[in-house]
Amino acid sequence: MKENDAQKGEELIDIDEKGKAITKKEEKKPAASENFTHVLCIFLGLVLLGLYLKIFVFNKNTEKTKNYHKLKSADDLNRNVGDYIIRFVNQHPKANIGLASGSTPEGLYKYLINKYERNEVSFKDIKFFSIDGFCGLKKDDDKSYHYALTNTFLSKIDAQENNIFLLKEEGSGIEEYEKNAEDYNKLLKEHPIDLQILSFGENGHIGFNEPNTDFDLLTHVVKLSDEKRKDKSKIFGALDKTPEYAITQGVKSILQAKEVIAIAKGKGKAKAVSDLVNGVFTKNSPITALINHNGKVTVFTDEEAGEFVKEFNKKF
Ligand code: GLP
């Protein structure tokens with residue numbers, strides 16, 4: 001038998017101690033190309049396992065999708081968004097949820113309170129955060145955002161005092177306000193938002209991030225423009241009683257929420273909704289920053305706010 005044949009794993013003839021011929025098979029040595037295939041398979045297996053863990057285990061709610069839903073009425077909107085939030089809370093009972101301020105979510109909060117009272121949902125382990133506030137107001141000032149969120153929602157569900165982390169509006173000067181903003185950035189780093197409920201103004205502003213603001217800011221203090229103060233003076237009764245500063249999560253902080261639900265009602269928001277849902281990114285409308293969000297964004301509007309969007313449901 002030739003040496004070459006033996007290397008190929010062919011039969012060898014040998015002689016045993018009694019002089020009898022026996023045959024045995026030489027073990028086949030793997031060729032270099034087989035070794036390479038094994039290594040490649042293991043490598044690909046590890047890559048697939050890594051992807052699976054990243055997508056399905058560690059980042060369950062960070063899939064990159066953008067959906068739009070147009071509802072017939074404001075009631076439909078509250079019910080649909082409310083049920084969505086209840087499903088989310090039931091699936092993630094310890095989630096960090098960011099609350100929207102202003103009048104848009106009021107009906108939604110009423111719907112959620114009603115569901116809580118019927119024992120259909122519990123918020124006892126949910127941590128709550130906020131988007132914005134005026135500077136220089138005490139917690140119990142009825143014009144503060146803290147007061148509004150507490151009285152329209154948080155005090156009427158089973159939210160635990162030590163799970164409520166609303167932006168601090170208190171303070172007596174810019175340095176204190178800026179410290180409040182810095183502290184909030186640290187807090188959000190420790191407790192990233194899982195679900196942000198977001199509303200926005202007719203010009204697309206979110207929180208106190210007005211058109212053409214720097215989209216790269218985290219929570220910061222904003223000096224209110226004369227126009228904005230004049231507008232807000234309706235709430236405070238007179239211009240000289242209206243705060244000069246506001247505190248707000250920045251566009252960058254809002255984009256860091258793993259998931260965002262944006263809601264809008266009424267004709268006045270139709271242009272901002274259409275820019276967002278039709279993918280027209282513009283610095284002129286901060287809400288359009290959501291187009292570049294890396295996770296899941298769902299936009300819900302009533303018919304009026306969705307006037308310029310043709311479809312009732314669409315991906316964008
Ligand atoms: C206010 C608030 C925002 C709010 C927006 C829309 O200025 N700073 O947080 O999202 O305006 O308010 P509304 O829902 O009342 O239209």
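Within the bounds of region 133-149, is there any residue that is crowded, with 22+ Cβ neighbours inside 10 Å and away from the ligand (no atom under 16 Å from the Cβ)? Within region 133-149 (the criterion being crowded, with 22+ Cβ neighbours inside 10 Å and away from the ligand (no atom under 16 Å from the Cβ)), the answer is no, since none of the residues qualifies. Residues in region 161-185 that are closer than 30 Å to Asn119 by Cα, among the polar types (S, T, N, Q) and surrounded by 14 or more Cβ atoms within 10 Å (Cβ to Cβ): Asn163 alone. All told, Ala289 falls short of being crowded, with 18+ Cβ neighbours inside 10 Å and part of a loop (DSSP other than H, G, I, E, B).
This table checks each residue for (1) more than 12 Å from the ligand (Cβ to nearest atom); (2) touching a Lys or Arg at 6+ places or on another chain (Cβ under 7 Å).
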site: Lys189; (1), (2): yes, no
site: Asp194; (1), (2): yes, yes
site: Lys232; (1), (2): no, no
site: Ile235; (1), (2): no, yes
site: Lys283; (1), (2): yes, no
site: Asn294; (1), (2): yes, yes
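Name the single residue that is nearest to the chain's Cα centre (by Cα) among those in region 213-254 being under 15 Å from Leu290 (Cβ atoms) and surrounded by 19 or more Cβ atoms within 10 Å (Cβ to Cβ). The selected residue is Ile254. The residue that is farthest from Val297 (Cα to Cα), counting only those in region 83-104 that are within 17 Å of the chain's Cα centre (by Cα) and within 16 Å of the ligand (Cβ to nearest atom), is Ser101.
Rule-based calculations on the coordinates, nothing more; no lab input. For clarity, every value in this text was computed on a predicted model and none was experimentally measured. In this analysis, Cβ positions are derived from the backbone assuming ideal geometry, glycine residues included, and neighbour counts consider all displayed protein chains.
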